[in-house]
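Written below as structure tokens is the structure these notes are about.
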Amino acid sequence: MAEVANDQVVVVRADGCWIWDDTGRGYLDASAALWYCNVGHGRREIADAAWAQMKRVAAYHTFDVFANEPALDLAERLVELLPFGAESAVFFTNGGSDAVDSACKFARRYWRIQGRSERTTIIARSSAYHGMNGFGTSLAGIEANAAGWGALMPDVQFVPWDDLQALEDVLERDGDHVAAVIGEMVIGAGGVLPPPPGYWEGVRALCDTYDVLLIADEVVTGFGRLGHWFGSERYGIEPDLIVGAKGVTSGYAPLGFVAAGPKVRSAFWSLEAGALRHGYTYSGHPTACAVALENLAILERESIPQRVHDLEPTFAETLGALADHPLVEEVRCAGFLAGVGIAPDARAARPRLVDEIVRAARHEGLIVRNLVGHTLQISPPLTISTDEIRYIADRLLRALDSVVLDSQTAALSENGP
Ligand SMILES: Cc1ncc(COP(=O)(O)O)c(C=O)c1O
């Protein structure tokens, strides 16, 4: 808190890929806020949809017998977009963290309904980010996010994020106690790490062999980010549960969900399942659901997932060129996600280097984020133009150069000319 006390950016306006602060400075929002503004800022039709819904029923709960039209319509629309077919179910949450918590609870409950209550373990991966609630913190492969809170959830196991053999070893040893494997289709906050070729097909096959549920955390990778409606589509797998948030509303209202395929859904619809004593005050919030419906209509009308698919080579080539800079180790891309990895030797020499680059980029009119101290996050609105993609590369290059220049000046003044 002390560090940002005199360094705030107070955002007062946003439009398309741009935001403006209270001094009138504009910045290209290359992070789409926190990875979520898929349709870009300032969409009047979403504000109109929220206003229209608020005038009818702004809020009502969905416990017990209660439902509302936007929640029902959104569930139906999501089922059309999801890979599961008609026999699936959608459970609404406030955002990604509670959707992760819900999915883990559902996975455990699923096995209990099957008479296998010993299956409680959730397997997560190194570098994983699954939000900040109880389960998400316990499943954090970013170690700093799990540290310092005292005892976390029991029955969690970790495997290296890219190692199928390690996953098989855990399943072989302890598979009878495993409820589910959870993973981001492309690791986001842990540094933008696309999976090795064949990884997800391999995970799906292992989950089938050991009869374990697969939870795809698509909070970042859903709704066009990887050139498909869902990242699991890109990698050719059908998970058992899908967790979504962010891009489902492009952030215009807080909303998340857990979607279940037929296998999990049918268990919960059986008489043995009993009551589902789980739900949130704002589950199925009508205004948030109306916002999501309008957002999904824009994504469809403007063929945004296809647009990302078509422009991915341009995006990767333009940003990939940054790898030639001496401060950059590599650029990792998938869809409209890029992680600019900063060279380890440069970071070792200057521990605050990535923060310095983020600040220098802001000075150049560009918002990027520091991920886990080694990578810059680039995840712009999916409506970004090719000129704006070039702007990101140009301004980031200038920021990198200015940081190099600063360090040369500092070395000169320390050591003399
Ligand atoms: C992969 C993933 N899962 C879950 C979450 C948590 O979502 P929220 O911040 O909406 O609770 C995030 C947030 O960044 C995320 O990136």
Going by Cα centres, segment 363-387 and segment 193-219 are how many Å apart? 28 Å
Residue by residue through segment 160-177, which ³J(HN,Hα) values in whole Hz follow from phi under the Karplus form 6.51 cos²θ - 1.76 cosθ + 1.60 (θ = phi - 60°), with glycine and proline marked x? x, 4, 10, 10, 5, 5, 4, 5, 4, 4, 5, 5, 5, 6, 9, x, 5, 9
Using θ = phi - 60° and the Karplus relation 6.51 cos²θ - 1.76 cosθ + 1.60, list the HN-Hα couplings for segment 340-348 in order, rounded to whole Hz, with x at every Gly or Pro. 9, x, 8, 4, x, 5, 5, 5, 5
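Where does segment 279-409 land on Rg(C-alpha)/(2.2 N^0.38 Å)?
1.27
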Evaluated at 4 °C with a viscosity of 1.567 mPa s, what Stokes-Einstein diffusion coefficient in µm²/s does segment 49-98 have when Rh comes from the Kirkwood expression over alpha-carbon pairs? 103 µm²/s
Under a plain spin-label model, where a point goes 7 Å from the Cα along Cα-to-Cβ, how far apart in nm are residue 268 and residue 317? 4.5 nm
Please state the shape class of segment 94-249: rounded when a/c is under 1.5, otherwise prolate if a/b exceeds b/c and oblate if not, all from the C-alpha gyration tensor. rounded
Note down the relative contact order for segment 89-175 as a percent, whole number, built from C-alpha pairs under 8 angstrom at least six residues apart. 25 percent
So what's Rg/Rh here for segment 177-237, counting alpha carbon atoms and using the Kirkwood radius for Rh? 0.97
Suppose the Debye formula is applied to equal point scatterers at every Cα of segment 105-165; what is log10 I(q)/I(0) at q = 0.27, 0.28 Å⁻¹? -1.09, -1.13
Give me the one-decimal nm value for the distance between modelled label points at residue 413 and residue 118, 7 Å along each residue's Cα-to-Cβ direction. 6.7 nm
Using a 1.4 Å probe, what is the accessible area per residue for segment 246-364, in Å²? 43 Å²
Straight-line reach from residue 105: which lysines have Cα under 22 Å away, leaving out those fewer than 8 places along the same chain? 246, 263
For the chain, average projected area of the Cα convex hull in nm²: 22.0 nm²
With Cα atoms, 0 to 90° folded angle of helix 304-320 axis to the chain main axis: 30 degrees
For residue 366, list long-range residues whose amide hydrogen, built 1.01 Å from N in the peptide plane, is under 5 Å from its own amide hydrogen. 28
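The values are calculated or read from the model by the stated rules, or taken from the named source; none is laboratory data. From a predicted model like this one, the values you see are computed outputs, not experimental measurements. Please note: Cβ atoms are built from the backbone with ideal geometry, for glycine as well, and neighbour counts cover all protein chains shown. The protein model used for the area step is the full one, side chains on, heavy atoms only, and it has no ligands, DNA or RNA in it. Shrake-Rupley method; radii C 1.70, N 1.55, O 1.52, S 1.80 Å.
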